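**Student:** Quick one: the structure is below, questions incoming.
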Amino acid sequence: MKLVVGHLYPEYLNIYADRGNIAVLERRSAWRGIELDYRTIGLGEPVRPGEHDLYYVGGGQDREQALIAPDLAAKGPALIEAVEAGAAFLAVCGGYQLLGRFYRDRSGAELPGIGLLPHHTVAGERRMIGDVLLECELDPGGPQTLAGFENHAGRTHLDEGAEALGRVVSGFGNNGKDGFEGCRVAGAVGTYLHGPLLPRNAWLADWLIARALARRVGEVPELEPLPDELESAAKDVSAERAKSRGGRF
Ligand code: GLN
């Protein structure tokens, strides 16, 4: 079995351990006998229908976001079609913002988003920085927690009725006000959580792998469990830090 991953703009949006997230997807797939075929998708390169099972886009500063936004907008319809056809997608921070409808920076300039996720983002004055802990319930799967680190000036507002990735236990989340973090549509997940997101939240890596596999096997498969002692310990440290410090101005 093979999974094809399309990593969007790795040369521009890569500041938050994005390669580490890919490495986790690769390893956890390999441990189950699944080969991860890693491909990059750069500026001007087309997204071909049906080529990828899983997309990844990472975080970057406003400058890098501005450099890729028009190209991403052009790829938007193909990416939306891919998710509608069952592809999984993980978007982090700056990439998460551009999967929404738009990102407006401090000067008021607006970058187009692709509208895959139902939200918009407006930059605020103070950055929201710190450890985050979330409670999530993704389908399929029961209640879970996610621990990570956030660093963003953008305040993301979900559209009425949109599904968040989780509820904030500690930290700021989408906008520091409504208690939501991230956004989810079908197999696509956007989040501000970065740093080593997947290394310390192995269940989310497995959720993405399973959703990506569903495109090939017709249903979301049960993945063989892995001994995740180290991963769980890393997550516990991160969760404790979030609980004791959280993100605060
Ligand atoms: N435009 C972003 C912000 O809100 C960039 C987020 C990021 O990836 N650091 O700060």
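**Student:** So if we plug the beta-carbon distance of Met1 and Ser107 into 1/(1 + (r/R0)^6) with R0 = 45 Å, what FRET efficiency do we get, rounded to 0.05?
**Tutor:** Details: r = 48 Å, r/R0 = 1.06.
Working from the Cβ atoms, E equals 0.40.
**Student:** I would also like to ask the following. Rank Ala88, Ala69, Met128 by how far each Cα sits towards the positive end of the charge dipole of the chain (+1 on Lys, Arg Cβ; -1 on Asp, Glu Cβ) and give me just the farthest.
**Tutor:** About the Cα centre, the residue reaching furthest to the positive side is Met128.
**Student:** Could I ask something else about it? Can you list the DSSP H helices in the chain whose Cα atoms extend at least 15 Å along the helix axis and whose mean Kyte-Doolittle hydropathy is 1.0 or higher? Don't skip to the end; give the middle numbers.
**Tutor:** Values: long enough: 18-30 (18 Å, -0.70); 62-84 (30 Å, 0.10); 202-217 (22 Å, 0.64); 229-245 (24 Å, -1.06).
Qualifying helices, which must be both long enough and hydrophobic enough, do not occur.
**Student:** Suppose each label sits 7 Å from its Cα in the direction of the beta carbon; what would the Glu51-Ala85 distance come out to in nanometres?
**Tutor:** 1.2 nm
**Student:** Send over a whole-number figure in Å² for the accessible area per residue of the chain, probe 1.4 Å.
**Tutor:** For the chain, the per-residue accessible area is 43 Å².
**Student:** To the nearest 20 debye, what is the magnitude of the charge dipole of the range 59-179 about its Cα centre, counting +1 on the Cβ of each Lys and Arg and -1 on the Cβ of each Asp and Glu? Walk me through the numbers before you get to the answer.
**Tutor:** Values: 10 positive and 17 negative charges, 90 e Å.
Its charge dipole is roughly 440 debye.
**Student:** If you take every DSSP beta bridge fully contained in the chain, what fraction is antiparallel? Give it as a percent rounded to 5.
**Tutor:** Details: 30 of 51 bridges.
For the chain, the DSSP antiparallel bridge percentage is about 60.
**Student:** I've got another one for you. Ignoring ligands, DNA and RNA, please state the percent of accessible area on the range 43-100 from carbon and sulfur, probe 1.4 Å.
**Tutor:** Using a 1.4 Å probe with all protein chains present, the range 43-100 comes out at 57 percent carbon and sulfur.
**Student:** Grab the beta carbon distance between Leu67 and Asp178, set R0 = 22 Å, and tell me the FRET efficiency rounded to 0.05.
**Tutor:** Here the calculated transfer efficiency is 0.15.
**Student:** Considering lysine pairs in the chain that are 8 or more places apart or on different chains, how many have Cα atoms under 28 Å apart?
**Tutor:** Lysine pair count for the chain: 4.
**Student:** Let me check against my output: what whole-number percent is the relative contact order of the chain, with C-alpha pairs under 8 Å and at least 6 apart?
**Tutor:** Computed value for the chain: 20 percent relative contact order.
**Student:** Relative contact order for the range 143-208 using alpha-carbon pairs under 8 Å, separation at least 6, rounded to a whole percent?
**Tutor:** Relative contact order comes out at 34 percent.
**Student:** Set the Förster radius R0 to 45 Å, insert the Cβ-Cβ distance between Thr40 and Leu230 as r into 1/(1 + (r/R0)^6), and round the FRET efficiency to 0.05.
**Tutor:** For Thr40 and Leu230, the calculated efficiency is 0.95.
The values are calculated or read from the model by the stated rules, or taken from the named source; none is laboratory data. Because the structure is predicted, anything quoted here is derived from the model rather than measured. In this analysis, Cβ positions are derived from the backbone assuming ideal geometry, glycine residues included, and neighbour counts consider all displayed protein chains. To get the accessible areas, we keep the full protein, side chains included, count just its heavy atoms, and leave off ligands, DNA and RNA. Shrake-Rupley method; radii C 1.70, N 1.55, O 1.52, S 1.80 Å.
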